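So the structure is just underneath, and the comments pick up after that.
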Amino acid sequence: MAKALADAAEFLKKEELPEALRAAREALSTFRAQKAKPSEASALEMLAKVQIESSNHLDALQAANQALKIYKELKDGKGEASATLTVATAHLAKQTPEDGVWKASEALKQFRKLGDKAGEGLALETTAKCYAMQQEYKKGLEAAKEAVALFAGLKDGAKEGASLCLVSEMQVGLDSVDEGLQTAKDALSKGQESGNKELQVSAVDAIIAACIKKKEPEEAANTVQLALDRFRRAGEQKEEAELLCKLAQVYILSKEPDQGAGPVRDALVIFRSLGDKKGEAKALATQGQILLEEQDAADALRVAESACELFKELGKKGVDGYLTAFETVVNANLMLGSVEEAFSMAVEALKSFNSKRERKGEAAVLMAIADIQMSRNDLDGALQTLEQAPALFVTVGDKRGEAAAWSKLAQLRFVKNEPGLALRAAEEALSAQRKLGDKAGKAAASQLVAEAHFLLVKFGQGNAREATRAAKDAVSIYQDLGDRAAEAGALYVLANAQLMSHANTDAQTTARKAELIYQELGDGRGQAGALLLVSGGYLGEGEFTEAKDAAKEARDLFRQIGDAGGEDSVEDFLDTLKQYESGQLNRSDFMGFYMKTGELGEEAGVRRRPKEKAVDTALSTIEMITPGEKNQKSTMVLFDGFESRQARAPGQRAGRSGSAAAAGAFEEGLAKLPPPKDQVLYSVRWVQARAKAESDTKADPKLPQKIEDRRINISKDLGQPAKSFGGRCGPTTRTFYAMGEQKGV
């Protein structure tokens, strides 16, 4: 059975995974029957390595740990060190890098104790990769440099070069881009000197990463071109074709997809002449991306579908490529306006993955289906679909996918005005990002947590301390990453959290920082929103003149950029400021603003849609947040969108305008109503909240009033709210007609 084990190793090297799996299992079964423990442990370790390459991470961990247990029982130090490193590699593949670092460090100690320099180098290499996944580039750099020194001492040029590529990755991650670029070039030289083709391709990847980070795609393209010319002269067709695909990808990244069309066509010809199905599938997937970028949706669809068929034939090792090509298929259908076709194809793909018990593919397709449902404004359907995804990602150990699913769920819950459920999803996303070690992901999830706590205020819930802590975490991480746009967004959320805590002066300082960044970025809408928060800080301090000045500045900015919705919302806030100043409302109840811009599709991250003229995609809906009572039941009126249908005289201020999506839902009812003086249409949802104790006590005029809008209550076209209706109707005093539905939450 030693032959079966050797066969498994050979099949693994050739990436023939089903055969490798069969051979490894055959060897394991025989060794167990023979009660040959050392051989059984070797077979288990081989099985673990095959399972890692097959993305069966939990099975890989189980096999590796069983091998480790046997080696410990046999007191086989070398086997124990090797199996421990295999466990670490499985954790790396499973995207649990903290556990990977722990096990790789254990293996490193064991190899050092044995005096095994090669094993020590491999353990350091795995440690560096785990640190890279956590974005702990400083620690990763130390480990990678140690590995380079060890392999250099062993005169192992291939391993030394591979470790140099890791060093380059860490240097680029630490923003030492020039150093990283030079290190990658050194690795390429070593690969060329030794004739190691695999190392040369890896070094080219490292050079591309450094050049893209340096924003010099031309240098990346030149490097790839030189390397592929070298392979062409040497007659190395497979590597030439691989680099032609990489060149096309560089052009996609540099927003010059038309330049990539020729190289990818040449790559296809070579892969087909070699009978390389995997290479052909990759080239077709890249060609599909280029065609989609060029707005040639029909050809993109045809090519991507061909790529999907080829990836299917590859089985397990084709899953990742299939998902890339499948995304192009979905996007192309949406661009063509074939939403139902995209949905049908996604459902068929889901059934296929389900029948094969391929959970990674199943989870990814569920995410795509949810995007399609959101493009059809089927939020409930999207939620039902998305809720299945996290558990599937957990099953296959895909932390990144799990975090993405929870984040999308949180965003959808915000859209549906369910901040409590959004908070739970955001916390799950944050937990996954922490385990993954993705700093940008952790910052985004922290921001979602802060936003959820803030929006819970109007339901009489929400934790100001937690909101502030989470928002500060997000700001700090974005500052470390140098992402100014994201930092400004996090500062906006932090300012709201500070208003929620009545730390009004701090909120003003934070909002001013956000305003400056938005100004630098030329983002007028963001700048106006930040100024509104400055106004809120002044309001909290009772400085009404300053509050009005800041609000007027925000209004003028909205007007300059043509954001009628934002302008109108600020006008309403200015009206409300008068009530605060007169004592009608209690300023201590003001806790900030919630601002959303754009259409639902943009908010929810929907995939590409057919190009069409939008009614208005540059509108801001701003909701003033004040606290609700914990045990209150009320009906709140939420304004989803608005749109003016009446021509206005020159110089007249723009009426409310917004997405046309809501208009069709109540067009019929409006036809029955008498024409208003200023025809402004509102999309309204009734949302049932908590129980409210009946009370005859008169309201204190100095406190915020739960205004009962009798114009709404009287209207028969609205659909009737709860009998005990006493909810807020928003800060508007405008006369309007509206329709909607009553919905319990």
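What follows draws every value from the coordinates through simple rules; no lab data is involved. Just so it is clear, the model here is predicted, and its values are computed rather than measured. Here Cβ is always computed from backbone atoms with ideal geometry, including for glycine, and neighbour counts include all displayed protein chains.
The overall shape of segment 1-134 is oblate: from the C-alpha gyration tensor, with semi-axes ordered a ≥ b ≥ c, the ratio a/c is 1.5 or greater and a/b is no larger than b/c. Label reach from Gln388 (point 7 Å along Cα→C-beta): in segment 284-305, no amide nitrogen lies under 15 Å.
Going by the alpha-carbon gyration tensor, a ≥ b ≥ c the square roots of its eigenvalues, is segment 501-597 rounded (a/c under 1.5) or, if a/c is not under 1.5, prolate (a/b greater than b/c) versus oblate? Oblate is the answer for segment 501-597, as a/c is 1.5 or above yet b/c matches or exceeds a/b. Sorting Phe151, Phe353 by the number of Cβ atoms found within 10 Å of their own Cβ, with the fewest placed first, yields Phe353, Phe151. Among Leu5, Trp102, Leu74, which residue has its Cα furthest toward the positive end of the charge dipole of segment 1-134, with +1 on Lys/Arg Cβ and -1 on Asp/Glu Cβ? Of the candidates, Leu74 comes out farthest on the positive side. Modelled spin-label separation between Glu142 and Asp589, with each label point placed 7 Å from Cα along the Cα-to-Cβ direction: 5.6 nm. Which pairs, out of Lys190/Lys246; Lys37/Lys113; Lys3/Lys35; Lys13/Lys213, put more than 22 Å between their alpha-carbon atoms? Result: Lys37/Lys113; Lys13/Lys213 exceed 22 Å.
Per-peptide packing, taken as the mean over residues of other Cβ atoms within 10 Å, places 458-465, 264-271 in the sequence 264-271, 458-465 from highest down. Karplus-derived 3J(HN,Hα) values for segment 40-45, using 6.51 cos²θ - 1.76 cosθ + 1.60 with θ = phi - 60°, are 4, 5, 4, 5, 5, 5 Hz; glycine and proline are entered as x. Neighbour counting of Cβ atoms within 10 Å sorts the residues Lys113, Lys139, fewest neighbours leading, into Lys113, Lys139. For segment 306-405, the list of GluC sites (Glu not before Pro) that fall in a loop by DSSP and count at most 10 other C-beta atoms within 10 angstrom is empty. Here Ser189 and His502 are evaluated by their C-beta separation; at R0 = 45 Å the FRET efficiency comes out at 0.15. Taking a ≥ b ≥ c as the square roots of the Cα gyration tensor eigenvalues, segment 97-187 comes out oblate, since a/c reaches at least 1.5 and a/b does not exceed b/c. Computed over the alpha-carbon atoms, segment 144-253 gives an Rg to Rh ratio of 0.97, Rh here being the Kirkwood radius from the mean inverse distance. When Rg and the Kirkwood Rh are both derived from Cα coordinates, the Rg/Rh ratio for segment 367-428 amounts to 0.96. Each label was represented as a point 7 Å from its Cα along the Cα-to-Cβ direction; for Arg302 and Leu253 these points are 3.0 nm apart. Taking the average, over residues, of other Cβ atoms within 10 Å as the packing measure, peptides 70-80, 156-166 rank 156-166, 70-80 from highest down. Normalised by the number of residues in segment 1-134, the average gap of Cα pairs under 8 Å and 6 or more apart makes the relative contact order 17 percent. The simple Förster model, with R0 at 35 Å and r as the Cβ-Cβ distance, assigns Asp178 and Thr509 a FRET efficiency of 0.45.
Tell me which aspartates and glutamates have Cα within less than 16 Å of Lys278's Cα, excluding those fewer than 8 residues away on the same chain? Correct list for Lys278: Glu15, Glu16, Glu53, Glu239, Glu240, Glu242, Asp266, Glu305, Glu309, Glu313, Asp320.
In plain terms, the chain from Ala152 to Lys109 could stretch by 13.5 nm, reckoned as 0.36 nm per residue minus the Cα-Cα distance.
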